[in-house]
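Shown next, in structure tokens, is the structure this report addresses.
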Amino acid sequence: SRFETCWPALMKDSHGVIIIFNPELPSHLKEIEMWYSCFVQQQPLLDSQCLLVAHHKPGSAEDTENLSLAYPLNKLKLIHSNLEEDPEDVRMEFMKYFRSLITIINESREREEMSIIS
């Protein structure tokens, strides 16, 4: 993609990656593997620092709700967002994700400080 030259700048010092995709588009399912590989595995970030969001447009097919992703994407936290039906649910999931990121950041900072001291 024409933005690939910007990726290193986007990735620098990032603590988390949220990948939002349309589960009804087969091309998106292939693309999220590439995004995961570039932005999570190559950094490297933990899988717990990545959140997948399957975004359902209003009036979209419901059968994509039980989406089964192939390895390694199936190890990631996957949430379904449908802002018409349940925006509160999505908000709660985002809050949980951000809390877990803060925990990871604090733990790695403590480890760094300990290694400086010792």
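Every listed requirement among (1) open to solvent by 40 Å² or more (accessible area, probe 1.4 Å); (2) within 13 Å of the chain's Cα centre (by Cα) is met by residue 8 save one, (2).
Scan segment 1-25 for residues that are of a type outside the set (Phe, Trp, Tyr) and assigned to a strand (DSSP E or B) and report the count. Steps first, answer last, please.
So in segment 1-25, the residues of a type outside the set (Phe, Trp, Tyr) come out as 1-2, 4-6, 8-20, 22-25.
From what's left, assigned to a strand (DSSP E or B): 17-20.
Final tally of qualifying residues: 4.
Give me the residue from segment 26-50 that is of a type outside the set (S, T, N, Q) and not in a helix (DSSP H, G or I) and, out of that set, modelled with the lowest pLDDT.
Of the residues in segment 26-50, the ones of a type outside the set (S, T, N, Q) are 26, 28-36, 38-40, 44-47, 50.
Still in the running and not in a helix (DSSP H, G or I): 44-46, 50.
Numbers: 44: 87, 45: 93, 46: 93, 50: 96.
Taking the candidates together, the pick is 44.
Candidates in segment 68-97 are the residues that are in contact (Cβ under 8 Å) with a residue 12 or more places away in the chain, outside any loop (DSSP other than H, G, I, E, B) and open to solvent by 60 Å² or more (accessible area, probe 1.4 Å); of these, the one that is nearest to residue 19 (Cα to Cα) is 77.
Would you check which residues across segment 21-32 are surrounded by 14 or more Cβ atoms within 10 Å (Cβ to Cβ) and out of contact with any Phe, Trp or Tyr (no Cβ under 9 Å at 6 or more places or on another chain) and list them? Show your work before the answer.
So the first thing to find is which residues in segment 21-32 are surrounded by 14 or more Cβ atoms within 10 Å (Cβ to Cβ), and the list is 21-24, 28-29, 31-32.
Selection gives 22, 23, 24.
The values are calculated or read from the model by the stated rules, or taken from the named source; none is laboratory data. Small disclaimer: the values here were computed from a predicted structure and weren't measured. No Cβ is skipped: glycine too gets one built from the backbone with ideal geometry, and neighbour counts run over all protein chains shown. Heads up: the accessible areas ignore ligands, DNA and RNA and are worked out on the full protein's heavy atoms, side chains in. Shrake-Rupley method; radii C 1.70, N 1.55, O 1.52, S 1.80 Å.
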